[in-house]
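Below: the structure, in structure tokens.
The values are calculated or read from the model by the stated rules, or taken from the named source; none is laboratory data. All values derive from a computational prediction rather than experimental measurement. All Cβ positions, even for glycine, are placed from backbone atoms using ideal geometry, and neighbour counts span all protein chains on display. Side chains included, ligands, DNA and RNA excluded: accessible areas come from the protein's heavy atoms. Shrake-Rupley method; radii C 1.70, N 1.55, O 1.52, S 1.80 Å.
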Amino acid sequence: YVTLKEIETVRNSLSALNVGVAKPPKLVKAQDDAWSMMKEAFVLSDPKPFLLHGVTGSGKTEIYMCAVSEALRQGKQAIVLVPEIALTTQTVHRFVERFSTRVGLIHSRLSAGEKYDTWRRCRSGDLDVLVGARSALFAPMPNIGLVIVDEEHEEAYRQDPPVQPPYYNARDAAVQYARQLGAVCILGSATPDLTSMTFANKRDFIKVNLPDRIMGHSELLEPRDRSNSQSQFIKLPDVEIVDMRHELRAGNRSMFSRILKESLSKVFESEQQAILFINRRGHATYVFCRDCGHTLECARCNIPFTYHSTQDRLVCHHCNARHNTKSLCPSCNSSRIKHFGVGTESVEDEVKRYFPNARTLRWDRDVTKTIGSHNQILNRFIDRKADVLIGTQMIAKGLDLPLVTLVGAVSCDVGLTLPDYRASERTFQVLTQVAGRSGRSHLGGHAVMQTYMPDHHAIVAAAAHDYDGFYKHEIELRRHHNYPPFGKLVRLLGNNSNHRRIEADAQSIADDLRVRVRKYRASSTEVIGPAPCFFAKSAGRYRWHVVLRGPDPAELANIPLPIGWRIEIDPLSLL
């Protein structure tokens with residue numbers, strides 16, 4: 001009467017995805033030329049990596065699809081890396097439309113069971129296409145013929161503390177892994193890393209260009225316009241730089257310039273959508289006393305607390321320490337506590353202040369802590385349940401939102417003056433990318449960049465969508481100061497709860513390195529430091545570093561290190 005048996009249920013994070021089958025669109029000439037170059041590499045035993053440089057909306061994803069189709073046709077498998085979990089939704093949707101159940105997904109927000117079952121399906125050959133964040137590169141697929149790294153410039157591909165070791169850059173690892181396998185490797189970006197572009201110019205990589213934005217989302221056109229439309233391309237959004245110093249002189253003390261407020265009003269009247277970008281979370285970036293000037297700082301990190309109005313809490317964005325808001329100054333007992341600076345929460349408040357009927361949606365780390373939260377936010381915006389999307393860097397990458405006709409960069413200067421050799425490059429990349437979210441359909445679009453540094457070369461180049469101009473300017477600065485790709489960097493980074501001990505260790509390490517430089521007559525290698533890091537304290541531990549800069553400094557860095565110290569080869573940040 002009773003039969004007992006075991007039935008295995010494979011946990012598949014894509015099982016609930018209701019997607020139809022999509023036919024490949026016809027390639028435009030630039031895409032066809034690009035794919036013709038790449039297709040030849042699939043018959044080579046040792047193909048060079050490709051750097052696919054295409055402006056935002058130029059159809060890079062369709063080139064990826066062609067490459068995956070060719071790999072599958074040859075009986076091989078493909079790995080597609082994306083830098084952020086937030087990007088996987090739309091990317092996976094497109095690949096499932098094309099390749100159905102042969103697609104798998106893996107990233108850190110999946111449950112342990114989902115990751116384990118996906119890993120087993122990869123190993124057994126049940127999956128042919130795997131999409132995921134950097135760890136997807138190491139999935140045990142038996143016959144890899146293609147590795148794609150989308151948005152290859154993103155620092156999210158670098159695994160550094162506090163994540164557990166090994167520490168690596170998935171982009172560089174993908175290039176080497178593909179070489180070992182004899183597989184094709186494609187690095188794609190609208191704003192390639194300067195080092196990658198230099199490799200392409202030296203012919204270490206094969207450079208492929210997609211210079212024009214393709215007309216997409218024809219479903220939004222009226223049927224008569226759809227049949228009569230002959231244009232394959234649309235122009236990139238016009239970008240206006242607003243000097244906020246002039247706004248102050250004109251008496252405008254709002255975080256929104258007059259142009260941005262007018263543009264938002266037009267978007268809302270037209271029932272279209274807007275994106276507002278600010279690369280800071282929270283409501284106020286620091287809290288201080290107007291009587292004595294005391295700033296409320298995290299005791300463990302020595303950096304100002306950020307005030308979050310939705311939680312009514314002070315939060316440290318380094319160690320996540322949380323404290324109740326202060327009504328009195330802990331230094332002078334004054335009640336004149338002031339919240340200063342802007343973040344995503346204060347931008348949202350400002351929108352509601354000027355446009356009470358506007359429906360806002362916020363997308364930052366504070367609201368994406370639960371499983372599926374990225375998908376929920378994106379789907380709400382796609383379904384037109386919000387008029388304006390407010391967020392940090394995660395809204396600047398890869399999203400294809402046809403009703404967005406306005407992008408406002410509330411403060412372009414955030415991060416621009418940090419003491420790091422890649423500060424200008426990061427700013428140019430994120431501004432170019434976020435501006436590219438606008439005008440991706442026949443509706444057109446424009447962007448507004450608010451800044452107190454309107455003549456900075458990174459901002460000027462981003463507003464003009466001028467990657468080549470930025471590259472020429474920035475690469476000369478790198479050449480002059482011998483920064484990558486002309487010189488190499490090794491960073492020796494230490495932390496200790498005792499500030500005197502870490503300083504003494506740093507000085508000892510620097511002295512040892514200078515002795516080695518003289519011993520091995522490596523006069524072209526420079527020892528920089530020791531010095532406290534820009535973020536000099538984190539989670540109660542003091543941070544110091546010593547930097548080696550030269551042709552091949554890694555050999556010189558092979559010295560015994562005290563406990564709490566580690567070596568970073570080719571660091572992406574010196575902060």
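Check every one of the strands (runs of 3 or more DSSP E) wholly within segment 351-455 and list those with 1 or more residues that are touching a residue at least 40 places away in the same chain (Cβ under 8 Å) and open to solvent by 30 Å² or more (accessible area, probe 1.4 Å).
On the way: elements: 360-363, 388-391, 404-409, 446-451.
Qualifying strands (runs of 3 or more DSSP E): 446-451.
Go through VAL147, VAL131 for me and flag whichever is assigned to a strand (DSSP E or B) and under 18 Å from the mean Cα position of the chain (by Cα). Write out each step before concluding.
Values: VAL147 fails: under 18 Å from the mean Cα position of the chain (by Cα).
Of the residues listed, the single one that is assigned to a strand (DSSP E or B) and under 18 Å from the mean Cα position of the chain (by Cα) is VAL131.
So, ASP126, is that one surrounded by fewer than 23 Cβ atoms within 10 Å (Cβ to Cβ) and touching a residue at least 40 places away in the same chain (Cβ under 8 Å) or not? Show your work before the answer.
Details: surrounded by fewer than 23 Cβ atoms within 10 Å (Cβ to Cβ): yes; touching a residue at least 40 places away in the same chain (Cβ under 8 Å): no.
No: the conditions fail for ASP126.
Limited to segment 246-262, what total is found for residues that are outside any helix (DSSP H, G or I) and free of Cβ contacts under 8 Å to residues at least 40 places away in the same chain? Write out each step before concluding.
Residues of segment 246-262 outside any helix (DSSP H, G or I): 250-257.
Next cut, free of Cβ contacts under 8 Å to residues at least 40 places away in the same chain only: 250-253.
Total satisfying the criteria: 4.
Check every one of the strands (runs of 3 or more DSSP E) wholly within segment 1-112 and list those with 1 or more residues that are within 24 Å of ASP212 (Cβ to Cβ) and open to solvent by 20 Å² or more (accessible area, probe 1.4 Å). Reasoning before the result, please.
Details: elements: 50-54, 77-81, 103-106.
Where strands (runs of 3 or more DSSP E) fall fully within segment 1-112 and carry at least 1 residues being within 24 Å of ASP212 (Cβ to Cβ) and open to solvent by 20 Å² or more (accessible area, probe 1.4 Å), they are 50-54.
Do we have any residue at all in segment 44-63 that's of a type in the set (Gly, Ala, Ser), without any contact (Cβ under 8 Å) to a residue 60 or more places away in the chain, farther than 30 Å from ILE377 by Cα and out of contact with any His (no Cβ under 7 Å at 6 or more places or on another chain)? So that I can check it myself, show each step before the final result.
Step one: of segment 44-63, the residues of a type in the set (Gly, Ala, Ser) are 45, 54, 57-59.
Now restrict to residues that are without any contact (Cβ under 8 Å) to a residue 60 or more places away in the chain: none.
No, segment 44-63 contains no residue that is of a type in the set (Gly, Ala, Ser), without any contact (Cβ under 8 Å) to a residue 60 or more places away in the chain, farther than 30 Å from ILE377 by Cα and out of contact with any His (no Cβ under 7 Å at 6 or more places or on another chain).
Which residues, counting only those in segment 46-79, are farther than 17 Å from VAL103 by Cα and of a type in the set (Ser, Thr, Tyr)?
THR56, SER58
Where in segment 156-245 are there helices (runs of 4 or more DSSP H), lying fully within it, with 3 or more residues that are modelled with pLDDT of 85 or more and open to solvent by 20 Å² or more (accessible area, probe 1.4 Å)? Break it down stepwise before answering.
Values: elements: 170-181, 194-201, 223-228.
Here the list reads 170-181, 194-201.
Consider segment 497-525. How many of its residues are in contact with a Gly (Cβ under 7 Å, 6 or more places away or on another chain), surrounded by fewer than 15 Cβ atoms within 10 Å (Cβ to Cβ) and closer than 19 Å to LEU561 by Cα?
Pass one, segment 497-525, residues in contact with a Gly (Cβ under 7 Å, 6 or more places away or on another chain): 497, 502, 505-506, 510, 522, 524-525.
Narrowing the set further to residues that are surrounded by fewer than 15 Cβ atoms within 10 Å (Cβ to Cβ) leaves 497, 524.
Imposing the further condition that a residue be closer than 19 Å to LEU561 by Cα reduces the set to 497.
Number satisfying all stated conditions: 1.
Pick from ARG102, ARG98, ARG94, ARG121: which is in contact with an Asp or Glu (Cβ under 7 Å, 6 or more places away or on another chain) and in contact (Cβ under 8 Å) with a residue 12 or more places away in the chain? Write out each step before concluding.
Details: ARG98 fails: in contact with an Asp or Glu (Cβ under 7 Å, 6 or more places away or on another chain); ARG94 fails: in contact with an Asp or Glu (Cβ under 7 Å, 6 or more places away or on another chain); ARG121 fails: in contact with an Asp or Glu (Cβ under 7 Å, 6 or more places away or on another chain).
Exactly one of ARG102, ARG98, ARG94, ARG121 is in contact with an Asp or Glu (Cβ under 7 Å, 6 or more places away or on another chain) and in contact (Cβ under 8 Å) with a residue 12 or more places away in the chain, namely ARG102.
From the list VAL347, VAL342, VAL367, pick out the single residue that is modelled with pLDDT of 80 or more, hydrophobic (A, V, I, L, M, F, W, C) and under 17 Å from GLY391 (Cα atoms). Lay out the reasoning, then the answer.
Values: VAL342 fails: modelled with pLDDT of 80 or more; VAL367 fails: modelled with pLDDT of 80 or more.
VAL347 is the lone residue from the list that is modelled with pLDDT of 80 or more, hydrophobic (A, V, I, L, M, F, W, C) and under 17 Å from GLY391 (Cα atoms).
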